[in-house]
Amino acid sequence: MSGESNAGAVIIGCFLLVCGAGLGLLGGCCSLLLVWDAASRTSGNFGETLPFFIISLAMLLGGGGLAWLGVKIMTGGGAAPPPPEV
């Protein structure tokens, strides 16, 4: 019974997967936009966009981590609670 997943774990895993994918998409798009903005500047003053770039990279990594955790819980490899005894 250790490899099986219950319905609650699948629902929680789907929720984490969707939220993680959304955060990862948002963070990745913001990162690409900030890199494109920094590359198109000619003044060389990148200090004003660096905090936003770090925040967007953190969102990208956090979203990827949430999606990975969701898949792990859905497949039964996570720390999901055991199904109730009937």
Rounded to the nearest percent, how much of the accessible area of the chain (1.4 Å probe, protein heavy atoms only) is carbon and sulfur?
77
hull vol. (C-alpha, convex hull) per residue for the chain, Å³ -> 73
With axes computed from alpha carbons, what is the tilt in degrees of helix 50-74 against the longest principal axis of the chain, rounded to the nearest 10 within 0 to 90?
20
Mind checking the full-extension length gain between LEU33 and ILE11? Use 0.36 nm per residue of separation minus the Cα-Cα distance, one decimal, nm.
4.6 nm
Using 7 Å Cα-to-Cβ label points, what is the SER40/THR75 separation (nm, one decimal)?
4.0
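The values are calculated or read from the model by the stated rules, or taken from the named source; none is laboratory data. Keep in mind that what you see is a predicted model, and the values were worked out from it rather than measured. Heads up, the Cβs are rebuilt from the backbone with ideal geometry, glycines too, and the neighbour counts pull from every protein chain shown. For the accessible areas, the whole protein counts, side chains as well, though only heavy atoms, and no ligand, DNA or RNA atoms are used. Shrake-Rupley method; radii C 1.70, N 1.55, O 1.52, S 1.80 Å.
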